Amino acid sequence: MLEDLTIKDFAIIDCVTIDFNKGFTVLSGETGAGKSILIGAVSFLLGGKAEVSQIRAGCHEASVTGTFYFSPDTDMSEAALWLNEHGIELEENRIILRRFIKDTGKSSAWIGNVPVTRADLAEFSSFLIDIHGQHEHQSLMKVPEHRKFLDARAGLVEEVKHFTAVYSELVEKRRLLQKMNSSDSERLRKIDMYEFAVKEIEEAKLKPDEDIALEDEENRLSSYEKLFSGIEAIKSTLDGADSSVVPLLKKIRRESQLVSSLDKSLVSLDGRIESSFYELSDICEEYENYARKLVFDPVHLQEVQDRISLIYNLKKKYASSSSASLKEVFDYYENAKSELEKLGAGAESREELEKNVSELEKNVYVLAKSISDKRKTAAANMSSEVESLLKQLGMNGTRFSVGINEKPGNDVEQRCGPYGMDNIEFLISANPGSPMLPLAKIASGGELSRVMLALKTIFAQNDAVQTLVFDEIDTGIGGEIAVAVGKHMQNLAKNRQILCITHLASIAVYADNQIKIEKGVVNGKTASNVHPVTGEDRVGEIARMLSGDSVSPESLEHARSMLLKFSGGF
């Protein structure tokens, strides 16, 4: 469970530390006070999006820190296993999560004292806490999401993933077989084309970056006369006559040795002249050696030019252009070999492919049928459970059903999609005697909120997550329905830590704890203040929720009686 939360310089929150208790905790406050910002800070801590705009105006960094307690009497094995795999230890059954975002855009996160990625933070925190946002019930309007709900309830998520992989393999094999069967002449033409390309490239015996080396070689061979005359000029200037550089430097060296023997302060200069003499003498010798090896070889030049021409033509055929990298020719070669295998010229013949497709079809059907049967069993149970919960939530007489229909068609490919052979849609009849119709077409916002709350309750029964956060689950409801929702939250909190943002006093009075969020101005800046309310302060907050800003003696008395009746005290 979440024990405490420290938020610093996040949005309009300056610095607050909030302690949370077990059971049902309500977060209340006037509209715009920062209740949703508080949930945003929790989402940020759990690995949500990090943006510079989240940093409080005038500050350079925002941070959120939370402490989670692993109760010995709850199943937190998945979270503990994750920590063990990542070399992170609990301290007194607690783990601290920390996250920062700087005004440079750089964000960082820690689990315990170990820095982690955002993905790691999100993965681990998913074992600890589940946030139901105020617009999440809109997912019930999207029929494809209904399958996900049912598969999660039925424990079929991994099985469906496996089916999707097998189905995708079948689709790819069928595509390949269709490609083979579409036109034998076209297939044979492509085989000839790819075989020719593979043979031509193999016979060329290309080497990586060979084109670059050949161009350098061709440039050297074709520039023989310029090289020869240039070398001769250098040799002549360095050591071609008494007035050349090396002989003159030799004379200078003799004089330098004489003057340095007369004045020791000139020894270093003499050393430099000596070094220059030997260096230039060595350079002159290197040029001599190069000149002796320099010969005009028209035969080798022609060989190099022929090789360059071969590579040029290969690039024109198999690369994006004649000036492209030689790597593109190698890439085409590898692709051609791959295509030859796919077209039946490799290990897998058409007959083998047909056999493979047939086996995959049978496998896909068996898997899809197994998943469908499990879905139907789970759908019946889920429908009954949701109806029971909706009755508790004030939707008496409402019938809920998970409609499952087989996809139309006559063969495996048509009757199956990536997720099986079923079309799944939630159906509802909100009034006795009314026909079952798609939930997305007839449910109001309040009904959708309660259906989502019922689904969350069902999933929580098999989920090890100990903390559930509901952000304004009261959308579109009021009166007796709100009372039913509050009572349901109270029951749900017997085995879970429940945090709920609400505007309704009829929900808030069922809470074990209440935290108030207020907005004010501190040092000229807008800031949110978060603090628990107990005793008469809580009575006053419930009264405000009942009657708005104008708290009256009547509303205070009403609030006091409600707290005594529904939560046993204040």
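The values are calculated or read from the model by the stated rules, or taken from the named source; none is laboratory data. All of these numbers come straight from a predicted model, not from anything done at the bench. With ideal geometry, Cβ positions are generated from the backbone for all residues, glycine too; neighbour counts draw on all protein chains shown. What goes into the accessible areas is simple: the full protein's heavy atoms, side chains included, and nothing from ligands, DNA or RNA. Shrake-Rupley method; radii C 1.70, N 1.55, O 1.52, S 1.80 Å.
Check whether at least one residue in segment 430-447 is open to solvent by less than 10 Å² (accessible area, probe 1.4 Å), modelled with pLDDT under 80 and under 31 Å from the mean Cα position of the chain (by Cα), and report yes or no.
No, segment 430-447 contains no residue that is open to solvent by less than 10 Å² (accessible area, probe 1.4 Å), modelled with pLDDT under 80 and under 31 Å from the mean Cα position of the chain (by Cα).
For segment 34-57, which residues satisfy the criterion of being part of a helix (DSSP H, G or I), open to solvent by 20 Å² or more (accessible area, probe 1.4 Å), over 12 Å from Ile13 (Cβ atoms) and touching a residue at least 60 places away in the same chain (Cβ under 8 Å)?
Ser43
Go through segment 26-55 and give me each residue that's over 19 Å from Ile473 (Cβ atoms) and of a type in the set (Lys, Arg).
The one that is over 19 Å from Ile473 (Cβ atoms) and of a type in the set (Lys, Arg): Lys49.
Restricting attention to segment 306-319, report how many residues are open to solvent by 50 Å² or more (accessible area, probe 1.4 Å) and hydrophobic (A, V, I, L, M, F, W, C).
1
Out of all the residues in segment 199-221, is one or more within 30 Å of Ala324 (Cβ to Cβ), open to solvent by less than 80 Å² (accessible area, probe 1.4 Å) and not in a helix (DSSP H, G or I)?
Within segment 199-221, one or more residues are within 30 Å of Ala324 (Cβ to Cβ), open to solvent by less than 80 Å² (accessible area, probe 1.4 Å) and not in a helix (DSSP H, G or I).
Among what's in segment 230-260 and is open to solvent by 70 Å² or more (accessible area, probe 1.4 Å) and among the polar types (S, T, N, Q), pick the residue that is farthest from Leu280 (Cα to Cα).
Ranking the candidates gives Gln257 first.
Pick out the one residue from Thr31, Thr67, Thr17 that is within 26 Å of Pro532 (Cα to Cα) and modelled with pLDDT of 95 or more.
The unique qualifying residue is Thr67.
Hey, among Ser322, Ser338, which residue is open to solvent by less than 80 Å² (accessible area, probe 1.4 Å) and outside any helix (DSSP H, G or I)?
Step by step, each of Ser322, Ser338 is checked, and only Ser322 is open to solvent by less than 80 Å² (accessible area, probe 1.4 Å) and outside any helix (DSSP H, G or I).
Restricting to segment 78-101, count the residues that are open to solvent by 70 Å² or more (accessible area, probe 1.4 Å), farther than 25 Å from Lys8 by Cα and touching a residue at least 60 places away in the same chain (Cβ under 8 Å).
The total comes to 1.
Within segment 365-379, count every residue that is closer than 14 Å to Ala154 by Cα and either open to solvent by 60 Å² or more (accessible area, probe 1.4 Å) or of a type in the set (Ser, Thr, Tyr) (or both).
Total satisfying the criteria: 6.
I'd like the full set of residues that are in contact (Cβ under 8 Å) with a residue 24 or more places away in the chain, part of a strand (DSSP E or B) and either open to solvent by 60 Å² or more (accessible area, probe 1.4 Å) or farther than 13 Å from Ile428 by Cα (or both), limited to segment 388-408.
Arg399, Ile404, Glu406 - these are the residues of segment 388-408 that are in contact (Cβ under 8 Å) with a residue 24 or more places away in the chain, part of a strand (DSSP E or B) and either open to solvent by 60 Å² or more (accessible area, probe 1.4 Å) or farther than 13 Å from Ile428 by Cα (or both).
Any idea which of Gly540, Gly548, Gly569 is of a type outside the set (A, V, I, L, M, F, W, C), open to solvent by less than 70 Å² (accessible area, probe 1.4 Å) and at pLDDT 90 or above?
None of the others qualify; the one that does is Gly540.
Give the residues of segment 1-33 that are charged (D, E, K, R), assigned to a loop (DSSP other than H, G, I, E, B) and either open to solvent by less than 10 Å² (accessible area, probe 1.4 Å) or farther than 23 Å from Asp130 by Cβ (or both), sorted by residue number.
Glu30
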